[in-house]
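Report on one structure; see the data block that follows.
The values are calculated or read from the model by the stated rules, or taken from the named source; none is laboratory data. Just so it is clear, the structure is predicted and the values come from calculations on it, not from any experiment. Every residue, glycine among them, receives a Cβ derived from its backbone with ideal geometry; neighbour counts consider all protein chains shown. For the accessible areas, the whole protein counts, side chains as well, though only heavy atoms, and no ligand, DNA or RNA atoms are used. Shrake-Rupley method; radii C 1.70, N 1.55, O 1.52, S 1.80 Å.
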Amino acid sequence: MTTPAIVNLKPGKGVSLQTVPLPKLRADWVLVDVKAVALNPTDWKKIDYGEADLGARAGCDYAGVVKEVGGNVTSFKKGDRIGAFVHGGDRTNHDNGAFAKVIIAKAAAQFKIPANISFEEAATMGVALVTVGQSLYKSLQLPLPTRPAEKPFPVLIYAASTSIGMYGIQFAKASGLQVVATSSPHNFDMLKALGADAVFDYHSSSCGADIREYTKNQLQYSWDCMGTGAEICAAAMSNESKVLYTTINPVSGKSMVAMRKLNPKVSTPIFTMAYDALGEPYWVGGRPAHPRPDETEYARAFLDICQDLLAKEVIKPIRLSLNQTGSGLDGVVKGLEVLRAGKVSGTKLVYTL
C-alpha cells in the first residue's frame, strides 16, 4: 500500500510530491490518517540547510485519526482523534514526516484532541505546545497553570507573534504571570487580546531599555521564540538579580559576548529542541543527538495538562490561515514558499488533506 507524501530531494534541492510506501508501524508508535497539517519554520529550514537527506519525508505538525496502534501502545486506540508532531526530515527514519496522508507518530509525544477542538485547530499545536512546556516550565521552572503563582511576576516572551509565542502568552497568563511581549506593531492588539499585559516593538533601538523600565528592573525570565532576541532580552532583564534566558535556537559566541556586556547577570542561555521530546536519536547541525528520556517524560506529562486546559478552554487555538495557497499537499508545497519568504505573521498556515 502507498500514500502521497512530500519528500526531500538531495540536500538543499527542495522537495517533491511523491507516492511512497506506507510507513512501517513500530511497537511504540501509531499509524495515523492525517486530516490537517500546519507549517513551521523548521520545515523549510530542514530543506534549505541540508538537514534532511534524500528520501526523508517532510513536516512536523499534524492532526488526524488513529488507524492502528503498535504493540506497546496503551494510550491510544483505533479511531482516536490525535494530534501533536513528528520529526519531519528525519535522517534516522525516512518514514517520519507529517506531510503525507498516512503517517506514523511516536505515541509518547502525542495528545488526544478534545471534542471542542477541530482537526485544523489541533494542527497548530504540536511543536508549539511541546516547546512551551520545554521552555517556560522545564527550563525556566515557572509555575504551571495547575498551580499558578500566588503573586504575579514578569516574564518576557520575545517574538510573541510566532505560533509558539501566541500559545506561550496564554500559558503564562494561566500561570498567573505578568506577560511582557515583543512583536511588530501591527500585532500588538492581537497579542493583548491573547493576554499580554504589555507589548513592545522589537524594531525599536530602545526596546530592551523600555522593557526594563516598565518592569522596574525586576524581569528575571526571558523566552526567545525566534532565537534572534538575545541582546534585547539581556537589556530588558534585571541587572540586580539572577536572570534566566531560554531560546529555541543556539546563541552565537558574538551574541553571548554582547549579552554579557549589556547585562553581566545573564547566565548561559538555555537552548531547547522540540525533537528531544520524541525520545529518538536524530541529527542536527551535522551531529548526532541522543535520546533524552527526561524530555520525553516531561512532554508526556505536559501534554496531559494541555489536553485538560484545551478541553476547559483555558487555552484556545491561535489564529490560523486555512488553505491559503490551496488545499492538500500541493497547497503545502506552495505554503512552504510563503513561509520561507517571511510573509507569515501572527497566524499559522494550515492545510486540509
Area of SER118 that stays accessible when all protein chains are in place (1.4 Å probe, Å², to 10): 40
The chain - percent relative contact order, Cα under 8 Å, separation 6 or more: 17
Choice from VAL37, VAL338, VAL127 with maximal GNM fluctuation in the chain (Cα, 10 Å cutoff): VAL338
Size of electric dipole in region 139-271: Cβ of Lys, Arg +1 and of Asp, Glu -1, about Cα centre, debye, nearest 20: 360
Unit charges on C-beta of K, R, D, E only; dipole of the chain, Debye: 220
SER241/SER204 FRET efficiency (R0 22 Å; Cβ-Cβ; nearest 0.05): 0.35
Spatially proximal lysines relative to LYS138 (Cα-Cα < 19 Å; intrachain offsets below 8 disregarded): LYS173, LYS242
Ranked order, ARG287, ARG260, ARG57, ARG212 - accessible area, probe 1.4 Å, largest first: ARG287, ARG260, ARG212, ARG57
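Would you tally the net charge around ALA230, using a Cβ to Cβ cut-off of less than 11 Å, leaving ALA230 out, and scoring K and R as +1, D and E as -1?
Charge balance in the 11 Å sphere: 0.
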Inter-part distance where region 277-353 and region 94-168 are each reduced to a Cα centre, Å: 8
Sequence of VAL333, VAL34 when ordered by accessible area, the most exposed leading, probe 1.4 angstrom: VAL333, VAL34
Convex hull of Cα atoms in the chain, direction-averaged projection (nm²): 16.4
Volume of the Cα convex hull of region 225-270, divided per residue and given in Å³: 59
Per-residue [θ]222 nm for the chain (sum of -39500 (n - 2.57) over DSSP H runs n ≥ 4, rounded to 500): -8000 deg cm²/dmol
In nm, spacing of pseudo-spin labels at GLN141 and THR268 (7 Å Cα→C-beta vector): 1.6
Calculated FRET value between PHE153 and VAL314, using beta carbons and R₀ = 25 Å, to 0.05: 0.80
Spacing of the two label points (7 Å from each Cα toward its C-beta) at TYR49 and GLU337, in nm: 2.4
Extension reserve of the ASP294-THR2 stretch, reckoned as 0.36 nm per residue once the Cα distance is removed: 101.6 nm
Qualifying lysines (Cα of each under 24 Å from Cα of LYS24; at least 8 residues distant if same chain): LYS10, LYS35, LYS46, LYS67, LYS77, LYS78, LYS101, LYS106, LYS112
Cβ crowding within 10 Å averaged over residues, with 18-24, 324-330 ranked highest first: 324-330, 18-24
Average accessible area per residue (Å²) across region 139-271 - probe 1.4 Å, nucleic acids and ligands excluded: 44
Span-rule helices in the chain, defined as complete DSSP H runs reaching 24 Å or more along the axis (Cα) with Kyte mean at least -0.5: 293-311
Loop-resident sites, region 266-353, for GluC sites (Glu not before Pro), counting at most 12 other Cβ within 10 Å (DSSP): GLU313
Mean separation of Cα contacts under 8 Å (6+ apart) over length of region 139-271, as relative contact order %: 22
For region 221-353, the fraction of alpha-carbon pairs in successive 10 Å shells from zero, as %: 11, 23, 34, 28, 5, 0
Two-site label geometry, ASN217 and ASN116: point separation in nm, points 7 Å out along Cα→Cβ: 4.4
Protein-only accessible surface order, largest first, of ASP294, ASP189 at 1.4 Å: ASP189, ASP294
